[in-house]
Amino acid sequence: MWLEATTHPGLEDLLLEELSALRPTEGAEVDARKGRVRIPWEGPLEVLPLRLAHHLVLFRARMPLSREDPLRALERAALALPWPELVGAQSFRVEARREGEHPFTSPEVERRVGEALHRAYRVPVDLKCPAVRVRVDVRGEEAFLGVQLTERPLSRRFPKAAFRGSLTPVLAQALLRLSGARPGMRLLDPFTGSGTIALEAASTLGPASPVYAGDLDEERLRCAQEAALASGLSWIRFLRADARHLPRFFPEVDRILANPPHGLRLGRREALWGLYRDFLEGALALLPPGGRVALLTLRPALLKRALPRGFALRHARVVEQGGVYPRILVLEKL
Ligand SMILES: C[S@@+](CC[C@H](N)C(=O)[O-])C[C@H]1O[C@@H](n2cnc3c(N)ncnc32)[C@H](O)[C@@H]1O
């Protein structure tokens, strides 16, 4: 059996690292740029508390896709497997995901395998809110059959943001890890928006790490604060603060985690360059030598041009979020 965890494409290595702290990962497979990591799995179903994963699937079988009547072969393979979670289940559905060219569609797979399992187990089908999700993934010439362990994404751990453009907690976790933050360090999220980065940092590092969160928008700050309180993270200090003048508002911090605006609301390019420049000058003033800034940005070139002397670029990678490809940059104060 294989346990598969999904994440944002571009974060597979970090997810594998997180998995390896919980389970042996010998023989792991990484689907690079697809956001999937699989480890061999034995034993009962278990939802691992992964902060870099969205969903977990336990695959019970993988097989080469038959060229002759592939739907029939998938149906037979499904019937040959044990599905203990279907015994006495309230409802189920089959979800098929397909990658590549095939002479059949995903709904056809769902219907064929779904009907076969329904006949065998007599469990009602519920397409909207099934108690059990059987997964049949067809990836090129290979098919995977298993059961999805997570009903809602593991990443949905804070109240839903009321604004567009908020980060997922998984990306916030990636910034946190790549910044090298450790418990006890002081953190700042100067463009907090709905507060995801601040909430993720506080819930990962605990109350021994002071977390400051600033934004210019009062409404966003209010919502972020409410989300923090609802999540039991009362120690985050929210402040209406202009990120162009960080030292006026915040004390020294060890790590700055930021998702600055990328200009849609701000307008002109020069204005954005000025904002980045002033923000980074302020960041330089707040950090001790060795302190780091981890940024998620859609404007890496503009940001690098705004970089003041005194910072070294330590890390850069591209990630994917909802069809866009922002970059994570990690800067270190020299
Ligand atoms: C890309 S959004 C951040 C989204 C955030 N990471 C989240 O998960 O919701 C940028 C944020 O920067 C704020 N902002 C824009 N200019 C600012 C400034 N000069 N100082 C502080 N915040 C500013 C905006 O109000 C917005 O909330």
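Which residues does a label at residue 317 reach in the stretch 10-50, if reach means a backbone N under 16 Å from a point 7 Å past the Cα toward the Cβ?
Answer for the stretch 10-50: 10-21, 29-38.
Suppose every Lys and Arg Cβ carries +1 and every Asp and Glu Cβ carries -1, with no other charges. What dipole size does the stretch 182-334 come out with about its Cα centre, to the nearest 20 debye?
Its charge dipole is roughly 580 debye.
Which whole-Hz ³J(HN,Hα) couplings does the stretch 204-218 yield from phi under the Karplus relation 6.51 cos²θ - 1.76 cosθ + 1.60, θ = phi - 60°, glycine and proline marked x?
My calculation for the stretch 204-218 gives 7, 8, x, x, 6, 9, x, 10, 10, 9, x, 6, 7, 8, 4 Hz in order.
Which FRET efficiency value, to the nearest 0.05, do you get for residue 20 and residue 99 by plugging their Cβ-Cβ distance into 1/(1 + (r/R0)^6) with R0 = 22 Å? Numbers along the way, then the final one.
Values: r = 26 Å, r/R0 = 1.18.
After rounding to 0.05, the efficiency reads 0.25.
According to the square roots a ≥ b ≥ c of the eigenvalues of the Cα gyration tensor, what is the shape class of the stretch 119-163, taking rounded for a/c under 1.5, prolate for a/b larger than b/c otherwise, and oblate for the remainder?
Note, shape of the stretch 119-163 comes out oblate.
Quick one: if you stick a label point 7 Å off each Cα along the C-beta vector at residue 139 and residue 244, how many nm between them?
Result: 4.8 nm between the two label points.
Loop-only check: which trypsin sites (Lys or Arg not before Pro) in the stretch 44-114 are DSSP coil with at most 13 other Cβ within 10 angstrom? Could you put the intermediate results ahead of the total?
On the way: sites: 51, 60, 62, 67, 72, 76, 93, 97, 98, 111, 112; in loops: 51, 67.
Loop-located and lightly packed - 67.
With a cut-off of 8 Å between alpha carbons and a minimum separation of six or more residues, what is the relative contact order of the chain in percent?
Averaging sequence separation for qualifying contacts and normalising by length gives 13 percent for the chain.
Have a look at 147, 201, 303 and report the one farthest towards the positive end of the charge dipole of the chain, computed about the Cα centre with Cβ charges (Lys/Arg +1, Asp/Glu -1).
After comparing all options, I get 303.
Looking at the calculated P(r) for the stretch 61-185, what percent of the C-alpha pair distances fall above 17 Å?
Taking all Cα-Cα pairs of the stretch 61-185, the fraction more than 17 Å apart is 64 percent.
For each pair in 34/128; 34/160; 160/333, compute the distance between the two Cα atoms and list the pairs where it is over 29 Å.
160/333
Using alpha carbons only, how many angstrom separate the centre of the stretch 204-273 from the centre of the stretch 68-140?
The distance from the Cα centre of the stretch 204-273 to that of the stretch 68-140 comes to 45 Å.
Name the residue farthest towards the positive end of the dipole of the chain from the options 136, 291, 27, assuming +1 on Cβ of Lys and Arg, -1 on Cβ of Asp and Glu, about the Cα centre.
Checked the options; the winner is 291.
Among 242, 215, 69, which comes first, second and so on when ranked by fewest other beta-carbon atoms within 10 Å?
Neighbour counts put them in this order, fewest first: 69, 242, 215.
If you wrap the stretch 2-100's Cα atoms in a convex hull and average its projection over all directions, what's the area in nm²?
Details: hull surface 30.6 nm².
Taking the Cα atoms of the stretch 2-100, their convex hull projects to 7.7 nm² on average.
Need one word for the stretch 23-75: rounded, prolate or oblate. Basis is the Cα gyration tensor (sqrt eigenvalues a ≥ b ≥ c); a/c below 1.5 gives rounded, then a/b vs b/c decides.
prolate
Any idea what angle helix 169-178 forms with the longest principal axis of the chain, computed on alpha-carbon atoms, 0 to 90 degrees, nearest 10?
Between helix and principal axis, roughly 60 degrees.
When every alpha-carbon pair in the stretch 150-295 is counted, what percent end up more than 25 Å apart?
Considering the stretch 150-295, 22 percent of its Cα-Cα pairs are separated by more than 25 Å.
Once you put a point 7 Å from the Cα of residue 63 and another 7 Å from the Cα of residue 162, both along the Cβ direction, what distance in nm separates them?
My value for the distance between the label points is 5.2 nm.
Which of rounded, prolate, oblate describes the stretch 158-198, given a ≥ b ≥ c as roots of the alpha-carbon gyration tensor eigenvalues and a/c under 1.5 marking rounded, otherwise prolate only if a/b is larger than b/c? Numbers along the way, then the final one.
Working: a/c = 2.39, a/b = 1.86, b/c = 1.28.
The shape class here is prolate.
How big, on average over all directions, is the shadow cast by the Cα convex hull of the stretch 225-305, in nm²?
Convex hull of Cα atoms, orientation-averaged projection: 6.3 nm².
Could you tell me which of 213, 279, 241 has its Cα farthest along the dipole of the stretch 210-328 towards the positive end, charges placed at Cβ (Lys, Arg +1; Asp, Glu -1), taken about the Cα centre?
Value computed over the given set: 279.
In the stretch 183-265, which trypsin sites (Lys or Arg not before Pro) are in a loop and have at most 11 other Cβ atoms within 10 Å, using DSSP for the loop call?
Those satisfying the criteria are 265.
Can you put 128, 333 in order of Cβ neighbours within 10 angstrom, beginning with the fewest? Walk me through the numbers on the way to the answer.
On the way: 128 6, 333 18.
Going from sparsest to densest Cβ surroundings: 128, 333.
Could you compute the FRET efficiency for residue 235 and residue 81, with r as their C-beta to C-beta distance and R0 at 45 Å, rounded to 0.05?
0.40
What are the semi-axes of the equivalent ellipsoid for the chain, taken as the square roots of 5 times the Cα gyration tensor eigenvalues, largest first, in whole Å?
For the chain, the semi-axes come out at 44, 20, 18 Å.
Compute the helix-to-body angle for 70-80: its Cα long axis versus the longest principal axis of the chain, expressed 0 to 90° and rounded to tens.
Between the helix axis and the principal axis of the chain, the angle is about 80 degrees.
Rule-based calculations on the coordinates, nothing more; no lab input. Because the structure is predicted, anything quoted here is derived from the model rather than measured. Cβ atoms come from the backbone with ideal geometry, glycine included; neighbour counts cover every protein chain shown.
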